[in-house]
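The block underneath contains the structure these notes are about, expressed in structure tokens.
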Amino acid sequence: MANLEFCAAHFDRRYFRYVQLDDGYQRAAGDWECNDRFPHGHRWLTDRVHAHGLEAGLWLAPFAAAEHSGIPADHPDWLLRDANGAMAFDGRLYGLDGAHPEVQEWLYALARRVSREWGYDYVKLDLLHLATAGAAHHGGLTHAEAYRRGLAAIRDGLGPEPFLAGCGAPLQHAHGLVNAMRVGADVEATWTGARTAARAAALRSFYHRGAWLNDPDCLLARPPLGEAEVRAWAS
């Protein structure tokens, strides 16, 4: 709330539009209701963002499911698996199979809730590579087909108005389904972080305003970066 009030007081709404709720609000990956850190829930937050004349954004990892979300126990057939029949990413997160019709229905319903019930105008989809993490997909679909079917369900559920950004994604196969795409690694508040963003923007510039809007990760403007470094990064 403090960040929201600062942004509304100091930034020009023609150029600064979105305030995003990032990773950490959810009960668990796969259970995207707010946890105890955000006791008033999503709609309370988006109503206040809108009341300040700004638009509300949400971070989401739609193809990820943690054990305590309940999905692995309730829907084991939704999970992608390796050649040995087991699948867990990083020991914590399971990947959902976008080729499975029930997963597509679940993704559609989640996206519809995000836009219509919770009131978000912008959604950042992260960890999209999990959609292609398994050895095979339902119905014999390829990685690309399963990934696109899952993304299409999300896009259909959101509707045409919300701005959709992809991240951690197989790039080309998201074409036509997202408005923006992360094209670089996570940055940090160092000159190396700025160079990482610049390199990604340069090498993948051909996507920009053709396939989508490129996102080489965020501009950082804080110490230990000096003013000259921040100005160079912004430029």
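The values are calculated or read from the model by the stated rules, or taken from the named source; none is laboratory data. Just so you know, these numbers come straight off a predicted model, no measurement behind them. As a convention, Cβ positions derive from the backbone with ideal geometry for all residues, glycine included, and neighbour counts pool all protein chains shown. These accessible areas exclude ligands, DNA and RNA; they are computed on the full protein's heavy atoms, side chains included. Shrake-Rupley method; radii C 1.70, N 1.55, O 1.52, S 1.80 Å.
Each residue in segment 47-70 was checked for being over 24 Å from Ala152 (Cα atoms) and in a strand (DSSP E or B), and 0 of them qualify. Listed conditions (1) of a type in the set (D, E, K, R); (2) farther than 30 Å from Glu105 by Cβ; (3) surrounded by 17 or more Cβ atoms within 10 Å (Cβ to Cβ) are all met by Arg155, apart from (2). If you check Phe16, Phe38 for being over 15 Å from the mean Cα position of the chain (by Cα) and farther than 26 Å from Pro160 by Cβ, only one passes: Phe38. Quick one: in segment 105-124, of everything that is assigned to a helix (DSSP H, G or I) and small (Gly, Ala, Ser), which residue is farthest from Val178 (Cα to Cα)? Of everything passing the filter in segment 105-124, Ala109 is farthest from Val178 (Cα to Cα). Return the residues of segment 202-222 that are of a type outside the set (Ser, Thr, Tyr), open to solvent by 40 Å² or more (accessible area, probe 1.4 Å), at negative phi and modelled with pLDDT of 95 or more; say none if nothing qualifies. Matches in segment 202-222: Ala202, Leu203, Arg204, Phe206, His208, Gly210, Leu213, Asp215. Restricting attention to segment 183-196, the residues that are open to solvent by less than 90 Å² (accessible area, probe 1.4 Å) and within 14 Å of Cys167 (Cβ to Cβ) total 4. Checked against (1) touching a residue at least 24 places away in the same chain (Cβ under 8 Å); (2) touching a Cys at 6+ places or on another chain (Cβ under 8 Å); (3) open to solvent by less than 80 Å² (accessible area, probe 1.4 Å); (4) not hydrophobic (A, V, I, L, M, F, W, C), Tyr94 passes all but condition (2). Glu33 passes every criterion in (1) farther than 22 Å from Trp118 by Cα; (2) in contact with a helix residue (DSSP H, G or I) (Cβ under 9 Å, 6 or more places away or on another chain) apart from (1). Mind telling me which of the residues Ala146, Ala174 ends up being in contact with an Asp or Glu (Cβ under 7 Å, 6 or more places away or on another chain) and open to solvent by less than 80 Å² (accessible area, probe 1.4 Å)? After applying the criteria, what remains is Ala146.
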